[in-house]
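The structure appears below as structure tokens.
None of the figures in this text is laboratory data; all of them are computed from the coordinates on show. Keep in mind the model is a prediction, meaning the values are calculated, not measured. Glycine gets a Cβ as well: all are built from the backbone with ideal geometry, and neighbour counts include every protein chain shown.
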Amino acid sequence: MLDPRFVLLAAALSMIGSVSYAALTLRGRVQPNRVSWFLWGAAPLIAFGAQVAHGVGMPALSTLAIGVGPMLVVLASLCSRGSYWSVSRFDMLCAAISVVALVFWFTLGDPVLAVLAALVADLVGGVPTIVKAWRRPDTERAIVYVFVAGNGVITLLSLRHWTVAAAAFPLYLVLLGVGLSLTVHLRGRAVVPEVETCELSRE
């Protein structure tokens, strides 16, 4: 088990990933889906409040960082008109489901259920970006999600007591980060040859 203070490193990794993605957004190198990134910010901030209420302690700082970072990406996309992914009806449906999950927490007010509700909201809100990463991996960067997974791993290793409130969100971050980084990397290698083949066939 790591020293609980390592959670500060986890939070730093998360912020590095988000700030780098925000910088890439301003430069037009990536196109964030605002629905996903806004909900990726809102849900962890609620989870952070729940963790504090449940007495999780320092590990909650990584959740706070996971919430603040995406909001910076949303702000960057607002500052760069051409650097965002257009929102579809499917995206709005995912957003609606996420909002329902968040309202569910406000209704019950239970810390453990709050973390689980925030997790569901975060996952459903991220579906548009997962779909986008599969279809257009060129609009994403795998390394950003590696930082997300790193945050989750360090946070899990620094836990002294494994409870649902403490472990659910960082475990989810590991799965999300690894899944998205692999999707962007592997699909990026697969899509480029397909595009080149199409161009050659036209010639």
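Among Phe38, Leu119, Tyr21, which residue has its Cα positioned farthest towards the positive end of the charge dipole of region 4-202, with +1 placed on the Cβ of Lys and Arg, -1 on the Cβ of Asp and Glu, and the dipole taken about the Cα centre?
Of the candidates, Tyr21 comes out farthest on the positive side.
Nearest 10 degrees, 0 to 90: what angle lies between the long axis of helix 164-202 and the longest principal axis of the chain (Cα atoms)?
Roughly 0 degrees between the two axes.
For region 4-202, state the semi-axes of the equivalent ellipsoid (square roots of 5 times the eigenvalues of the alpha-carbon gyration tensor), sorted largest first and rounded to whole angstrom. Before the final figure, lay out each step's value.
On the way: eigenvalues 180, 66, 43 Å².
Calculated on Cα positions only, the semi-axes equal 30, 18, 15 Å.
Just grab the label-to-label distance for Ser88 and Val178, each label 7 Å out from Cα along the Cβ direction, in nm (one decimal).
Result: 2.8 nm between the two label points.
Report, to the nearest 10°, how far helix 142-157 tilts away from the longest principal axis of the Cα atoms in the chain, using its own Cα long axis and a range of 0 to 90°.
Long axis of 142-157 versus the principal axis of the chain: about 20 degrees.
Specify the longest stretch of the chain that does not include any exposed loop site, a site being one of the trypsin sites (Lys or Arg not before Pro) with a non-H, G, I, E, B DSSP assignment and at most 16 other Cβ atoms within 10 Å. Please list the in-between numbers first.
Details: sites that count: Arg27, Arg29, Arg81, Arg160.
The longest such stretch corresponds to 82-159.
To the nearest 0.05, how large is the calculated FRET efficiency for Ala190 and Phe104 if R₀ is 35 Å and r is the Cβ-Cβ distance? The partial results should precede the final answer.
Values: r = 38 Å, r/R0 = 1.08.
Result of the calculation: an efficiency of 0.40.
Where does the chain land at 222 nm, in deg cm²/dmol rounded to the nearest 500, when only DSSP H runs of n ≥ 4 count, each adding -39500 (n - 2.57), divided by all residues? Please list the in-between numbers first.
Details: 7 runs with 160 residues, N = 203.
Using -39500 (n - 2.57) per qualifying helix, the result is -27500 deg cm²/dmol.
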